[in-house]
């Protein structure tokens, strides 16, 4: 099977902050995983498909407003209509409000904030590839 991947980079905004201290809700990362899964399904089967389930979700580090997340997905198993995907998000830029209101740093080592495995299904009737 040819390697099929997808990647995006998104800045978390003040609107994404859901908790005190500008903490972003973990559901925001899962929403981004859904976007990645949709793109992977289109690349593999020519249709958006439907996200069937997550098999594992691990929240590993906090995400705050101002952080830049890189979100990555890869199809690791392809069935007739289903695709098993591995997904992860990592923080690559973080604000430095201790320096100034607009300071930020690229992280030397990205911080993985969330990992998940999931399955997307594209019904045979909808497949174009």
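All of the numbers you see were taken from the coordinates with simple rules; none came from a lab. Note that this is a predicted model, so its numbers are computed, not measured. Here the Cβ is made from the backbone with ideal geometry for all residues, glycine too, and neighbour counts use every protein chain on show.
For the reader, a short list of remarks on this structure follows.
- When the P(r) of the chain is calculated, the portion above 17 Å amounts to 58% of the C-alpha pairs.
- Neighbour-count order for 53, 115, fewest beta carbons within 10 angstrom listed first: 53, 115
- Using alpha-carbon coordinates, inclination of helix 26-45 to the longest axis of the chain, degrees: 30 degrees
- Helical content alone sets the calculated 222 nm signal of the chain at -5500 deg cm²/dmol, taking -39,500 (n - 2.57) per DSSP H segment of four or more residues and averaging over every residue.
- Simple spin-label estimate for residue 5 and residue 35 in nanometres, 7 Å along Cα-Cβ: 1.9 nm
- Theoretical FRET efficiency, 1/(1+(r/R0)^6), r = Cβ-Cβ of residue 111 and residue 13, R0 25 Å, to 0.05: 0.85
- The stretch 1-43 shape via C-alpha gyration tensor axes, a/c threshold 1.5: prolate
- Distance from the stretch 5-26 to the stretch 82-120 (C-alpha centre basis), Å: 9 Å
- Rounded FRET efficiency, nearest 0.05, which uses the C-beta distance separating residue 50 from residue 92 and R0 of 35 Å: 0.70
- By definition, a body whose alpha carbon gyration tensor gives a ≥ b ≥ c is prolate when a/c is 1.5 or more and a/b is larger than b/c, and the stretch 79-119 fits this prolate description.
- Gained length - residue 80 relative to residue 124, 0.36 nm times residue gap less alpha-carbon distance: 15.1 nm
- For the peptides 58-70, 97-109, residues were scored by their other Cβ atoms within 10 Å and the scores averaged per peptide; the highest-first order is 58-70, 97-109.
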